[in-house]
Amino acid sequence: MTYTLVTGASGGIGEALVRKLAARKHNLVLVARNAEKLAEISKQLEDQYKVQVEFIASDLSKPNAATVIFQEIQKQGWKIETLVNNAGIGSGGEFGALSLQSELELLQLNNASLVAMTHLFLQPMLERKSGTIINVASLASFIPVPYMATYAASKAFVRSFTQALTEEYKPYNIHIMLFAPGLTKTNFNESAGINNEKGVGLSSDYKTSSTQTPEEVADELLEALYAKKHFHVSGSRNRFGARLAALLPNTMITRFMAKSYRKKSGQL
Ligand SMILES: NC(=O)c1ccc[n+]([C@@H]2O[C@H](COP(=O)([O-])OP(=O)(O)OC[C@H]3O[C@@H](n4cnc5c(N)ncnc54)[C@H](OP(=O)(O)O)[C@@H]3O)[C@@H](O)[C@H]2O)c1
């Protein structure tokens, strides 16, 4: 039996995605920290869609988490045909004022664990000469973002890493896709400690017309997956934004964004 593994499946984009995957008859392995929520979603999906849904509660901001997940899956004999590295966390505000510990955990989750999951689950895919890996980046991966510096840099890493692997693994029939959502109405800001005040400064208050629901984002991810795309930015306005970012110098964008943050947060 083959499975689709989704990290960050207990809420937001990941939860919307696993609900839609189950409706399309994917057997699933759900990963996140909240075991209670994962158990609840698993039962609902099994009852409703008659698919096999397993879950592993794990904190991917811990260095050995990916290895433990991989070993458990090997032990159970679950064959992961599709891996979606979706779990991620943000942080916002003046860099020097943020907790160093939290910034380093962000990098462990958004980058190091994503690399580890990709490396580990790639091996059986290579043996089988089939598999799909989807890495979730962000619109923020296209530009350095003042006052969200570590988060945007972590997503730039995801973009660069994933686009490089896409070409490396084409000859092995491993399909690799970079998926970049823009502002999506989830718990993301809350978990990132971006309160309303900072959210306004960061233009992350969900009031912009480009904001999508997690269901809309999940629909776009599935469409891109079934179309065998290697790269997709969610939302037409976000696609325009990504194209514009590629045309303008980063120095110009960052100067504008920093000024706008200071103005909105009352520092100017
Ligand atoms: N929302 C946006 O505006 C937006 C925009 C661009 C990109 N994205 C990206 O989209 C992805 C999903 O974000 P979202 O908006 O759906 O966020 P969310 O609503 O906060 O959900 C994040 C998911 O990741 C899990 N997670 C968080 N920390 C974890 C950890 N240490 N170990 C394991 N799982 C962890 C959470 O579950 P537990 O708490 O149970 O662990 C939850 O299931 C992220 O990679 C994010 O960077 C989001």
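Every number here is computed from the coordinates shown, using simple stated rules; none is lab data. What you see is a predicted model, and the numbers here were worked out from it, not measured in a lab. Please note: Cβ atoms are built from the backbone with ideal geometry, for glycine as well, and neighbour counts cover all protein chains shown.
Put simply, the amide H of PHE55, placed in the peptide plane, has neighbours under 5 Å in LEU30, leaving out anything fewer than 5 places away on its chain. Within a straight-line Cα-Cα reach of under 15 Å, LYS43 can be paired with the following aspartates and glutamates, leaving aside sequence neighbours fewer than 8 residues apart in one chain: GLU15, GLU54.
Annotation: for a label point projected 7 angstrom from Cα along Cα→Cβ of ARG128, residues of the range 27-65 with backbone N closer than 19 Å are 27-31, 51-56.
Relative contact order of the range 2-264, taken over Cα pairs closer than 8 Å and 6 or more residues apart, is 19 percent. In this structure, the amide hydrogen of SER91, modeled 1.01 Å from its nitrogen in the peptide plane, lies closer than 5 angstrom to those of TYR151, counting only residues at least 5 positions away or on a different chain.
Cβ-Cβ distance of ALA245 and PHE95, R₀ of 25 Å, FRET efficiency by 1/(1 + (r/R0)^6): the value works out to about 0.75.
Relative protection proxy for 102-110, 222-230, from highest mean packing down: 102-110, 222-230 (other beta-carbon atoms within 10 angstrom).
Residue by residue, the range 171-180 carries 3J(HN,Hα) couplings of x, 9, 6, 9, 8, 10, 10, 9, 10, 10 Hz when phi is fed to the Karplus relation 6.51 cos²θ - 1.76 cosθ + 1.60 (θ = phi - 60°); x denotes Gly or Pro.
Counting only the Cα atoms, the range 2-264 fills a convex hull of 121 Å³ per residue. Here the simple spin-label model places points 7 Å from the Cα toward Cβ, and for ASP47 and ALA258 these points are separated by 5.4 nm. With a threshold of 25 Å on the Cα-Cα distance, the over-threshold entries among LYS25/LYS79; LYS62/LYS259; LYS37/LYS264; LYS50/LYS229; LYS75/LYS185 are LYS62/LYS259; LYS37/LYS264; LYS50/LYS229; LYS75/LYS185. Is any residue of the range 39-61 close enough, with backbone N under 13 Å, to a label point placed 7 angstrom from the Cα of LYS75 along the Cα-Cβ axis, and if so, which? Taking a point 7 Å out along Cα→Cβ of LYS75, the residues of the range 39-61 whose backbone N falls under 13 Å are 56-57. Amide H contacts under 5 Å for VAL145: ALA152, ALA153, restricted to partners 5 or more places along the chain or on a different chain, H placed in the peptide plane at 1.01 Å from N. Sequentially through the range 20-25, phi angles give Karplus couplings (6.51, -1.76, 1.60; θ = phi - 60°) of 6, 5, 4, 4, 9, 6 Hz, Gly and Pro residues having no value and appearing as x.
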